[in-house]
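In what follows, a structure is listed as structure tokens, so that the remarks can point back to it.
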């Protein structure tokens with residue numbers, strides 16, 4: 001994501017008040033309620049935190065504390081757009097509760113890392129960790145009807161890490177797939193990357209030697225609409241991955257309402273463990289006086305610069 005410009009106005013907020021407002025919104029807003037942490041359950045989330053670590057878009061300590069508050073509600077969080085410079089992430093991490101840990105990939109396209117943050121009291125990281133790359137000799141198999149372009153690899157390799165929660169072992173695949181632009185060529189490249197991810201998951205399932213039979217692909221898929229007929233949706237589900245409907249049925253971006261952020265799994269395994277999911281619109285709760293005093297575009301400009309232009313998605317799974 002190109003860095004966002006700093007808003008052309010000053011605004012100060014009380015972080016304790018904003019955390020309280022966000023918690024109230026979480027607990028009472030119809031269709032948004034995130035379950036409490038409970039034995040035998042795992043709360044998974046994914047959040048694209050726009051340009052976290054880009055020094056041209058710095059967060060202050062209050063911003064980092066707000067971001068950490070939201071992350072702390074879950075057991076395991078896949079985060080996208082963490083920059084090679086980890087200084088802002090380390091400031092966020094300092095506000096997480098005791099016992100939280102992280103693992104992340106090296107720098108890829110757009111200077112981004114894929115990162116997992118997790119509560120070690122409820123989730124254990126296992127031995128498997130690695131970036132997903134398609135061997136050049138297999139590129140010829142990444143093809144879709146009506147697309148003549150060649151697949152040339154991922155712009156940012158998805159990052160697979162295995163975790164255990166209770167008796168449940170799952171391989172998480174954190175992905176931030178290519179966007180480019182709204183051109184046909186960019187959309188084709190995005191669809192090919194998406195199909196490559198789904199094909200990889202299908203082959204791991206069929207070969208019989210996967211570290212875990214449970215695979216959950218999660219992250220910013222740059223999927224405009226989570227429905228049949230959308231090129232990215234069709235490419236991701238072509239090999240059997242299933243995308244559950246979000247219970248709250250709102251977009252995952254705060255301005256356009258796109259459904260870019262998704263999670264997908266096969267009907268067996270993780271599909272059996274799946275309970276529910278949703279999108280959390282934190283932007284409906286915080287900075288209420290800013291919304292009242294500024295235009296919607298100015299509110300969005302402040303939100304995406306200081307917090308993010310993406311909303312988190314979450315899902316609950318049975319683990320015991």
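Got the relative contact order for segment 1-154 handy, in percent, Cα pairs under 8 Å and 6 or more residues apart?
19
Taking the chain as a Gaussian network, Cα atoms linked when under 10 Å apart, which of 186, 276, 165 shows the biggest mean-square fluctuation?
Comparing 186, 276, 165 in a Gaussian network model of the chain, the most mobile one is 186.
So how far, in whole Å, is the C-alpha centre of segment 76-112 from the one of segment 1-54?
16
How far is helix 15-28 tilted off the main Cα axis of the chain, in degrees rounded to 10, range 0 to 90?
60
Would you mind classifying segment 81-164 by shape? Square roots of the alpha carbon gyration tensor eigenvalues, ordered a ≥ b ≥ c; an a/c under 1.5 is rounded, otherwise it is prolate if a/b is larger than b/c and oblate if not.
In terms of gyration-tensor shape, prolate.
I'm spelling it out carefully: the read-out is Cα Rg over 2.2 N^0.38 Å, the candidates are (i) 0.96; (ii) 1.04; (iii) 1.15, and one was derived from this structure. Which label?
Calculated Cα Rg over 2.2 N^0.38 Å: the matching label is (i).
Starting from the Cα of residue 121, step 7 Å along the direction of its Cβ; do the same at residue 211; then give the gap between the two resulting points in nm.
Roughly 2.6 nm, to one decimal.
Once label points are set 7 Å from the Cα along Cα→Cβ at both residue 275 and residue 256, what is their separation, rounded to one decimal in nm?
The modelled label-to-label distance comes out at 3.4 nm.
How much length would be gained if the chain were fully extended between residue 111 and residue 129, taking 0.36 nm per residue of separation minus their Cα-Cα distance, in nm to one decimal?
Between residue 111 and residue 129, full extension yields 4.5 nm more.
Order by neighbour count: 193, 227, 127, fewest other Cβ atoms within 10 Å first, most last.
Placing the least packed residue first, the sequence is 127, 227, 193.
Would you work out if segment 1-138 is rounded, prolate or oblate? Take a ≥ b ≥ c from the square roots of the eigenvalues of the alpha-carbon gyration tensor; rounded if a/c is under 1.5, else prolate when a/b is larger than b/c, oblate otherwise. Don't skip to the end; give the middle numbers.
Numbers: a/c = 1.91, a/b = 1.12, b/c = 1.70.
It is oblate, given that a/c is not under 1.5 and a/b is not larger than b/c.
Would you list 95, 11 from fewest to most Cβ contacts within 10 Å?
11, 95
For segment 119-276, give me the percentage of DSSP beta bridges that are antiparallel, rounded to the nearest 5 percent.
Looking only at bridges with both residues in segment 119-276, the antiparallel portion is about 75 percent.
Ranked by Cβ crowding within 10 angstrom, fewest neighbours first, how are 22, 172 ordered?
Neighbour counts put them in this order, fewest first: 22, 172.
Nearest 10 degrees, 0 to 90: what angle lies between the long axis of helix 184-207 and the longest principal axis of the chain (Cα atoms)?
Here the helix axis deviates by roughly 60 degrees.
State, as an integer percentage, the relative contact order of the chain based on alpha-carbon contacts under 8 Å between residues 6 or more apart. Don't jump to the answer; show the numbers that get you there.
Details: 668 pairs, mean separation 68.9, N = 320.
Once divided by the residue count of the chain, the mean separation gives 22 percent.
Considering only 289, 202, 36, give the residue with the highest GNM mean-square fluctuation for the chain, with springs between Cα atoms whenever their separation is below 10 Å.
In this elastic network of the chain, the residue with the biggest mean-square fluctuation among 289, 202, 36 is 289.
Hey, what did segment 161-288 get for relative contact order, percent, Cα under 8 Å, at least 6 apart?
Rounded, it is 24 percent for segment 161-288.
Kindly state, to the nearest 0.05, the FRET efficiency for residue 238 paired with residue 24, given R0 = 41 Å and r defined as their beta-carbon distance.
Details: r = 41 Å, r/R0 = 1.01.
Taking R0 as 41 Å, the efficiency between residue 238 and residue 24 is 0.50.
Under 12 Å from a point 7 Å along the Cα-to-Cβ line of residue 11: which residues of segment 262-295 have their amide N that close?
283-295
What distance in nm lies between label points placed 7 Å from Cα along the C-beta direction at residue 249 and residue 85?
That separation, rounded to one decimal, is 4.3 nm.
Rule-based calculations on the coordinates, nothing more; no lab input. Note that this is a predicted model, so its numbers are computed, not measured. Note: ideal-geometry Cβ built from the backbone for every residue, glycine included; neighbour counts use all protein chains shown.
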